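Shown next, in structure tokens, is the structure this report addresses.
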Amino acid sequence: MSHSYDLHCHSTVSDGSLAPEQLVAHAKEQGVDTLALTDHDITAGIVDAELAAAREGLRLIPGVEISVSWLGQTIHILGLGIDPANAELQAGLAGLREFRRQRAEAIAKLLEKKGIKNALAGASAYAEGEIISRTHFARYLLELGLAKDMRDVFKRYLVRGKPGYVAGQWALLEDAVGWIHSAGGQAVVAHPARYKITDSKLRQLLQQFKDHGGVGLEVVSSSHSPDERARMARHCTKFDLLASSGSDYHGPSQPWAQLGRCAALPEGCTPIWETW
Ligand code: AMP
Ligand code: MN
Ligand code: MN
Ligand code: MN
């Protein structure tokens, strides 16, 4: 029997559109057997997701997606199999959420200068949990009719060089990997083909990540093409990293990512779940 894994997705606790229990029920409908909930910089959805997973007969891996700043780039590091009760992890994540609050105010001020009023209240209305994400600003700007879809709104307002962009001041790579370790989890570089860095910079990132104790690379992601999957599979071999697979599902507003719809890992990769 084949087993279906989806090791990267978001709930309303961060910037997804389904509550943790709805997300688990949707995963079950989609044929997922093992699901990791990986909200951005917060683990508050895990308790509800675990209860729902027990009801649905699905295995829930407690996870998190940590925002990291590395050589001026924002990089996302997944922690899989973490203990959400770990104090070191929670202290680290709390610091990131404090930065998010300050950044949200700064984004709203920048948008105000462009004549877009009440963006903090508007974005907050879309944030059901403690986290304010650019995704919530994007939803508000779409509500105002300022762009045609999610990708368009990011491109016009929320990325570097655009009116509502504030540079990230996230965790250090070594700290993020260290918090994940303290919490007993495995650190995985998320969607590696999405970063706007050269292949040699990516190799530098992977070497540092390994040196800090990181173990995995997300080879399969909804945002990766078949060529990118193959390239990341080669990086796994080269750096002796385990391969992970996740949809990065957020809900219907990001239709390119469907829950549980993950391509097979390329030949030769060692799946991270073989270590479980
Ligand atoms: P933040 O962590 O608040 O800076 O927001 C990053 C989130 O915005 C990502 O996790 C995605 O969910 C979303 N995002 C980033 N870039 C795009 C894009 N080009 N189109 C749609 N969503 C995006
Ligand atoms: Mn997101
Ligand atoms: Mn990400
Ligand atoms: Mn994600």
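Per-structure values
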| read-out | value |
| --- | --- |
| Value of D in µm² per second that Stokes-Einstein yields for the chain, Kirkwood Rh from Cα pairs, at 37 °C (0.692 mPa s) | 174 |
| Pairs of Lys in the chain closer than 17 Å at Cα, counting only those 8 or more apart or on different chains | 12 |
| Förster-model FRET efficiency, 51 Å R0, E56 and R203, C-beta, rounded to 0.05 | 0.80 |
| In sequence order, calculated HN-Hα J values of the range 175-187 (Karplus, 6.51, -1.76, 1.60; Hz; x Gly/Pro) | 5, 4, 5, x, 5, 4, 5, 4, 8, x, x, 10, 8 |
| The range 148-157 - phi-based ³J(HN,Hα) in whole Hz, Karplus 6.51/-1.76/1.60, Gly and Pro as x | 8, 7, 4, 5, 4, 5, 4, 4, 7, 10 |
| Total formal charge among the other residues, if their Cβ is under 12 angstrom from that of V32, Lys/Arg +1 and Asp/Glu -1 | -1 |
| Local net charge near V220, Cβ-Cβ under 11 Å (Lys/Arg +1, Asp/Glu -1) | -2 |
| Full-extension gain in nm, D211 to V47, via 0.36 nm per residue minus C-alpha separation | 55.8 nm |
| Karplus (6.51, -1.76, 1.60) ³J(HN,Hα), θ = phi - 60°, over the range 127-139, in Hz, Gly and Pro reported as x | 8, 8, x, 7, 7, 10, 10, 4, 4, 5, 4, 4, 5 |
| Label-to-label distance, nm, for residues given as R97 and E174 (7 Å Cα→Cβ offset) | 2.7 |
| Sparsely packed trypsin sites (Lys or Arg not before Pro) within the range 1-62, loop by DSSP, other Cβ within 10 Å at most 14 | none |
| Extension reserve of the A167-S2 stretch, reckoned as 0.36 nm per residue once the Cα distance is removed | 55.1 nm |
| Considering only the chain, percent of DSSP beta bridges that pair antiparallel, nearest 5 | 40 |
| Distance in nm between pseudo-label sites at T270 and E112 (7 Å out along the Cβ direction from Cα) | 5.4 |
| Low-density loop positions, trypsin sites (Lys or Arg not before Pro), the range 189-233 - DSSP coil, at most 12 other Cβ in 10 Å | K196 |
| On Cα atoms only, tilt of 46-56 relative to the major axis of the chain in degrees | 60 |
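All of the numbers you see were taken from the coordinates with simple rules; none came from a lab. For clarity, every value in this text was computed on a predicted model and none was experimentally measured. Ideal geometry is used to build each Cβ from the backbone, glycine not excepted, and the neighbour counts take in all protein chains shown.
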